[in-house]
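A quick write-up on the structure given underneath.
The values are calculated or read from the model by the stated rules, or taken from the named source; none is laboratory data. On a predicted model such as this, the values are computed, not experimentally measured, just so you know. As a convention, Cβ positions derive from the backbone with ideal geometry for all residues, glycine included, and neighbour counts pool all protein chains shown. To get the accessible areas, we keep the full protein, side chains included, count just its heavy atoms, and leave off ligands, DNA and RNA. Shrake-Rupley method; radii C 1.70, N 1.55, O 1.52, S 1.80 Å.
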Amino acid sequence: MKVGFGSDHAGIELKLTLMEHLKERGYECVDYGNYDPDNRDDDYPVPGRKVGEAVSRGEVDRGVLVCGTGLGISLAANKVPGVRACCCSEPCTASLSVRHNNCNIISVGARIVGREEAKMIIDSFFDAKFEGGRHARRVDMLTQIEKDYGKENETL
Ligand code: RB5
């Protein structure tokens, strides 16, 4: 599986730690930036969008995002059609985000969770499988919302 990574300045160190962790587990990892922890202009919407687009286009299978809280960068990714990004601070939600919501991107907050906790969160996300069934119907309903709002200037 190929995984795209992105972070703002606040998340670079944890992003690199999580990339190494997943590489050790055999995943192919691609870094979409940012790269400089001293550049405060490397704002979270840019890497959030880049990784969201990479997942949406199928360049990578899944994404991992890190900013200070994990929130802003997941909000950015969720603006890209086809993305289901969740911000998680513990492993249980990370697992359920895949099993029930078929999330394709996870984000964590470098100022919220510690390094070891973040690894456990990421492991839970990547070890989980979408359960389908009644959950598929609900995820399809999410996709329908995107489709409805894609019909600009029609009925909405
Ligand atoms: C940057 O200071 C911080 O606002 C950002 O990393 C993130 O927490 C936003 O959601």
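Considering the stretch 61-79, the residues that are open to solvent by 10 Å² or more (accessible area, probe 1.4 Å) and among the hydrophobic types (A, V, I, L, M, F, W, C) include one that is farthest from the ligand (Cβ to nearest atom), namely ALA76. Inspection of the stretch 82-100 finds a residue satisfying the criterion of being within 12 Å of the ligand (Cβ to nearest atom), at pLDDT 95 or above and of a type outside the set (Asp, Glu).
The number of residues in the stretch 30-40 being away from the ligand (no atom under 11 Å from the Cβ) and either assigned to a loop (DSSP other than H, G, I, E, B) or surrounded by 19 or more Cβ atoms within 10 Å (Cβ to Cβ) (or both) comes to 7.
Among the residues of the stretch 129-145, which ones are open to solvent by less than 30 Å² (accessible area, probe 1.4 Å), assigned to a helix (DSSP H, G or I) and not hydrophobic (A, V, I, L, M, F, W, C)? Result: HIS135, single match. Within the stretch 40-58, being within 17 Å of THR69 (Cβ to Cβ) and of a type in the set (Lys, Arg) holds for one residue alone: ARG40. Evaluation of PHE126 against the conditions (1) open to solvent by 50 Å² or more (accessible area, probe 1.4 Å); (2) under 18 Å from LYS2 (Cβ atoms); (3) not hydroxyl-bearing (Ser, Thr, Tyr) shows that the sole unmet condition is (1). Among the residues of the stretch 1-15, those identified as touching a strand residue (DSSP E or B) at 6+ places or on another chain (Cβ under 8 Å) and surrounded by fewer than 18 Cβ atoms within 10 Å (Cβ to Cβ) are MET1, LYS2.
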